[in-house]
């Protein structure tokens, strides 16, 4: 591999330097740990080696369709033992954003998204509307028919929603346009993602784009590359970000997230980004390191 | 009414000057001629007076859900006699765009939108996929399940679609991302519209925003405020645009469309824009004239 931009390929020497200088590894999941429903080769040994060396491990994922609890189950089903508090999903970030900004408990949250967002919001004590429950509802475009929405909705949270429909779009749009001060929160804005092993599908960026299009407003983004989640990690670890390394497969979310926060960054090619993408003259996001797959960290050490 | 920006309210004197200098009136429909399914007061007399004075009349609408034929029916149902060739809808504009740019006949067009787009495309001789037919389809996010799309799709046309679903979003996204050279055409980008009498609903801008979010591409817009439709009007009338007046209820589509083309412009307050919106210091789109309703043209003449 050639050097691309300011990035360097991992070699045995640089892996040693990386492990010596980093105390916490932040991993993206999809395209790094797994792809769709398949574990990526060598991941268990690599995580084991990192834990054996006393490194802290966190999984930071933009996928909002699952809650941390559901994620822990997915890890277990793939043979990885991961605790809920090692998982930071954008669904959790949305709930934490409302909590830390003292969102009034008497106000409701309308959700355009899946189960994960609802579960995290409810766990944090918020009252939710929408989500999967509105998946089969139809908007009736009839004369003299008024589409009613709840005036006590104070925030609309938008994430990936494979059951998106015009009803939900109208509900969310009405809340944002008509309820005074209503917040518009996006879990993330990934254009596409590997929802299945074989191909990419529209991501939260698609659904968020729809609401931007109807409201002409920009959302508060709580997932990567926004640094909102980093505040929690900093509080949790009490470590300077220079001692953290973000490992991901996306330049514009993972690597940018790591760089925005001052972390070291490592790009892997098991997900959406290729070496050619990295080398593209139009690309201006350059990780500190890049390598084929996460397990190179393990293999290059010669263990 | 006070003067706002560079705009002037219509008065008997200015109406006379307007009628003397203008030979063709371009009317937006929704919020100008009708609101939802209700004809706006005084419209028939006004159109009749304009026709009696030999003025040419055209209806230019961004609503893509109907074809020109379906529009003519709507006019008739409201008691207005309008011929199909007086109607320029964004559904027709999409078909004309493909025709004038010599879109290859052997390629297909995928439609995220309603019946009007399909009808106009088929009338122009193009082969279409999608539209209402895909309204009940569900995308299956299962491992090892490949969502197949037609590799001969060479254009995706996106308009308002009240039956939007994740299947259509994935289909359109795949075509734009994976079919080499595939065009991405938007009928228009209106954020909201009066789909019913009582309230506004997400417009084509919502659906277009979704596809922008998943493809990270910007569409070719054929409806207002793009001047694409104006080329047809110019060819049809052989009139300088300075002898045309665009009458509409929206600053960022109708009035901007008129101004982009060099027409005179008249804003009416029977639709989405209020006098306060016009006066807002943040507004930088100022029509030549504004008035309460279309029939002021008739009434101010004292006829």
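Please go through the range A:105-117 and pick out each residue that is outside any helix (DSSP H, G or I) and closer than 21 Å to residue A:71 by Cα.
Listed by number, the residues that qualify are A:111, A:112, A:113, A:114.
Given the options B:159, B:193, name the one that is modelled with pLDDT under 95, within 27 Å of residue B:38 (Cβ to Cβ) and buried (at least 23 other Cβ atoms within 10 Å of the Cβ).
B:193
Taking residue B:144 as meeting all but one of (1) touching a helix residue (DSSP H, G or I) at 6+ places or on another chain (Cβ under 6 Å); (2) on the phi > 0 side of the Ramachandran plot; (3) within 14 Å of chain A (Cβ to nearest Cβ), write down the number of the exception.
(1)
Can you confirm whether the range B:200-207 contains a residue that is within 18 Å of residue A:171 (Cβ to Cβ), assigned to a strand (DSSP E or B) and more than 7 Å from chain A (Cβ to nearest Cβ)?
Within the range B:200-207, not a single residue is within 18 Å of residue A:171 (Cβ to Cβ), assigned to a strand (DSSP E or B) and more than 7 Å from chain A (Cβ to nearest Cβ).
So which of B:272, B:192 is out of contact with any helix residue (DSSP H, G or I) (no Cβ under 8 Å at 6 or more places or on another chain), within 14 Å of chain A (Cβ to nearest Cβ) and within 30 Å of residue A:140 (Cα to Cα)?
Exactly one residue qualifies, and that residue is B:272.
Take residue A:55 and tell me if it is surrounded by 15 or more Cβ atoms within 10 Å (Cβ to Cβ) and more than 25 Å from residue A:131 (Cβ to Cβ).
yes
Being in a helix (DSSP H, G or I) and surrounded by fewer than 24 Cβ atoms within 10 Å (Cβ to Cβ) is the filter here, so list the residues in the range B:213-228 that pass it.
B:228
Among the residues of the range A:220-236, write down those that are over 14 Å from residue A:158 (Cα atoms) and under 11 Å from the mean Cα position of the chain (by Cα).
Listed by number, the residues that qualify are A:224, A:225, A:226, A:229.
Among the residues of the range A:237-254 satisfying the criterion of being in a loop (DSSP other than H, G, I, E, B) and under 30 Å from residue B:143 (Cβ atoms), which is nearest to the other protein chains (Cβ to nearest Cβ)?
The residue in question is A:250.
Scanning for something in the same structural domain as residue B:47 (by TED's automatic domain parsing), crowded, with 24+ Cβ neighbours inside 10 Å and touching a residue at least 60 places away in the same chain (Cβ under 8 Å), does the range B:274-290 turn up at least one residue?
yes
Residues in the range B:220-236: is at least one within 14 Å of chain A (Cβ to nearest Cβ), touching a residue at least 24 places away in the same chain (Cβ under 8 Å) and more than 30 Å from residue B:298 (Cβ to Cβ)?
yes
Answer yes or no as to whether residue B:210 is buried (at least 21 other Cβ atoms within 10 Å of the Cβ), in the same structural domain as residue B:107 (by TED's automatic domain parsing), in a strand (DSSP E or B) and touching a residue at least 12 places away in the same chain (Cβ under 8 Å).
In short, no.
Take the range B:156-188 and flag every residue that is in a loop (DSSP other than H, G, I, E, B) and either closer than 29 Å to residue B:146 by Cβ or at the interface with another protein chain (Cβ under 7 Å from one of its Cβ atoms) (or both).
B:159, B:161, B:162, B:163, B:164, B:165, B:179, B:180, B:181, B:182
I need the full set of residues from the range B:118-155 which are assigned to a loop (DSSP other than H, G, I, E, B), more than 22 Å from the chain's Cα centre (by Cα) and crowded, with 20+ Cβ neighbours inside 10 Å, in order please.
Within the range B:118-155, just B:139 meets the criteria.
Taking the range A:73-85, which residues are closer than 21 Å to residue A:235 by Cβ and surrounded by 18 or more Cβ atoms within 10 Å (Cβ to Cβ)?
Answer for the range A:73-85, where residues must be closer than 21 Å to residue A:235 by Cβ and surrounded by 18 or more Cβ atoms within 10 Å (Cβ to Cβ): just A:82.
State all residues of the range A:10-28 that are within 13 Å of residue A:267 (Cα to Cα) and either part of a helix (DSSP H, G or I) or modelled with pLDDT of 95 or more (or both); if no residue qualifies, say none.
Of everything in the range A:10-28, those that are within 13 Å of residue A:267 (Cα to Cα) and either part of a helix (DSSP H, G or I) or modelled with pLDDT of 95 or more (or both) turn out to be A:25, A:26, A:27, A:28.
Output yes when any residue across the range B:74-94 is within 14 Å of another protein chain (Cβ to nearest Cβ) and either in contact with a helix residue (DSSP H, G or I) (Cβ under 7 Å, 6 or more places away or on another chain) or assigned to a helix (DSSP H, G or I) (or both), and no when none is.
yes
Out of curiosity, is residue A:102 within 14 Å of chain B (Cβ to nearest Cβ), over 15 Å from the mean Cα position of the chain (by Cα) and not in a helix (DSSP H, G or I)?
no
Have a look at A:125, A:130 and point out the one that is in contact with a strand residue (DSSP E or B) (Cβ under 9 Å, 6 or more places away or on another chain) and modelled with pLDDT of 95 or more.
A:130
Looking at the structure I just gave you, is residue B:24 without any contact (Cβ under 8 Å) to a residue 12 or more places away in the chain and not assigned by TED's automatic domain parsing to the domain that holds residue B:112?
In short, no.
The values are calculated or read from the model by the stated rules, or taken from the named source; none is laboratory data. Note that the coordinates shown come from a computational prediction; the quantities given were computed from them, not determined experimentally. Reconstructed Cβ throughout: ideal geometry from the backbone, glycine too, with neighbour counts over all protein chains shown.
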